[in-house]
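Note sheet for the following structure.
The values are calculated or read from the model by the stated rules, or taken from the named source; none is laboratory data. Just so it is clear, the model here is predicted, and its values are computed rather than measured. A quick note on method: Cβ atoms are made from the backbone with ideal geometry, for glycine too, and the neighbour counts reach across all protein chains shown.
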Amino acid sequence: MKLEKKKHLLQRRRWRIRKKIVGTAERPRLAVHFSNKHIYAQCIDDDKGHTMAYVSSVAKEGSLKANAEGATALGQQIAEKAKAAGIESVVFDRSGRRYHGCVKSFAEAAREGGLQF
């Protein structure tokens, strides 16, 4: 019962954030998702409904984990891929999570890589 309530509250936070955040072709949405084992990040154009750049820790086969170090590495990778796709600035979608720990490490690494948000 408690887990269901936690998931429900997380989903409500996601919806509340997504009401305000919209990605466009000029400024796509940088969505990041953390599971227990992996990290996924993508730049999304919500107008057309397609992904412009994508990275995850799954492709690295165990070299990156869902911790602050892995988040830093993936933040730099998504910045490189976004630059290659011609993306300069993004809108950051933290998916209902607090801006600390892994989320903060990911965001700071993406900013250091050259993305503006």
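In segment 106-117, the qualifying residues are those that are surrounded by 16 or more Cβ atoms within 10 Å (Cβ to Cβ) and not in a helix (DSSP H, G or I), and the one that is farthest from the chain's Cα centre (by Cα) is G113.
When you scan segment 48-56, do you find a residue that is more than 11 Å from the chain's Cα centre (by Cα), of a type outside the set (A, V, I, L, M), on the phi < 0 side of the Ramachandran plot and crowded, with 16+ Cβ neighbours inside 10 Å, even just one? Checked against the condition, which is being more than 11 Å from the chain's Cα centre (by Cα), of a type outside the set (A, V, I, L, M), on the phi < 0 side of the Ramachandran plot and crowded, with 16+ Cβ neighbours inside 10 Å, segment 48-56 yields no hits at all. Modelled with pLDDT of 90 or more, part of a strand (DSSP E or B) and either among the basic types (K, R) or crowded, with 17+ Cβ neighbours inside 10 Å (or both), is that true of V103? Judged against the criteria, V103 is not a match.
Against the condition surrounded by fewer than 17 Cβ atoms within 10 Å (Cβ to Cβ), under 12 Å from S95 (Cα atoms) and without any contact (Cβ under 8 Å) to a residue 40 or more places away in the chain, how does S63 come out, does it pass? So S63 does not fit the description; no.
Scanning segment 27-52 for residues that are touching a strand residue (DSSP E or B) at 6+ places or on another chain (Cβ under 8 Å), acidic (D, E) and in contact (Cβ under 8 Å) with a residue 24 or more places away in the chain returns a single hit, D46.
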